[in-house]
Amino acid sequence: QVQLVASGGGFVQAGGSLRLSCAASGRTFSSYAMGWFRQAPGKEREFVAAISWSGSNTYYADSVKGRFTISRDNAKNTVYLQMNSLKPEDTAVYYCAASRGSNVYTRSTYDYWGQGTQVTVSS
């Protein structure tokens, strides 16, 4: 069992930055790939970024490549999402999730989800 708590969301102007954190409970954190998804009002939850259990592989949606960076610290049971050059279209609730599957781009791969943290980017 893994419990995830996301934090770090907030209100920022376009062009600004935020860093999201996702703290995990449980001793098996390092065996999970971790992902970030987001959901804007009226839209489906979409993939944003993911990182392999070791941190050696990272994956990004085209819409955030070059602006967002995912990282993890297995000693702290925490995964991060550094978001730079934010745009109004990045406004959404951001969710972290843990997966033991291989297709990190797919929501159904993930076994555990955090509660979400709101990110609002003004123009």
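The values are calculated or read from the model by the stated rules, or taken from the named source; none is laboratory data. These figures come from a predicted structure and were not determined experimentally. Every residue, glycine among them, receives a Cβ derived from its backbone with ideal geometry; neighbour counts consider all protein chains shown. SASA here: full protein model, heavy atoms, side chains in, ligands and nucleic acids out. Shrake-Rupley method; radii C 1.70, N 1.55, O 1.52, S 1.80 Å.
Below, the figures for the structure above:
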quantity	calculated
Accessible carbon and sulfur surface of the chain relative to its total accessible area, %, 1.4 Å	45
Mean Cα-pair separation over length for the chain, i.e. relative contact order, pairs under 8 Å, 6 or more apart, %	35
Solvent exposure of the stretch 24-123 as accessible area per residue, Å², 1.4 Å probe	49
Estimated inter-spin distance, Asp111 and Tyr59, nm [label 7 Å along Cα→Cβ]	1.6
The chain - Debye-derived log10 I(q)/I(0), Cα point model, q = 0.09, 0.20 Å⁻¹	-0.21, -1.06
Cβ-based charge dipole, the stretch 2-123, positive-most Cα from Tyr94, Ser71, Gln82	Ser71
The stretch 5-22 residues near the modelled Ser123 label - backbone nitrogen below 20 Å, point 7 Å along Cα→Cβ	11-17
Approximate spin-label separation Gln1-Ala14, in nm, with each point projected 7 Å along Cα-to-Cβ	4.5
Amide H contacts under 5 Å for Gly16, placed H, 5+ residues apart	Leu86
Distant-in-sequence amide H partners of Gly10 (H built 1.01 Å from N, under 5 Å)	Val119, Thr120
Simple Cβ-charge dipole of the stretch 21-123, Lys/Arg +1 and Asp/Glu -1, about Cα centre, in debye nearest 20	140
Potential extension, Arg100-Ser71 segment - 0.36 nm per residue separation minus Cα distance	8.7 nm
Accessible heavy-atom area order of Asp90, Asp73, highest first, probe of 1.4 Å	Asp73, Asp90
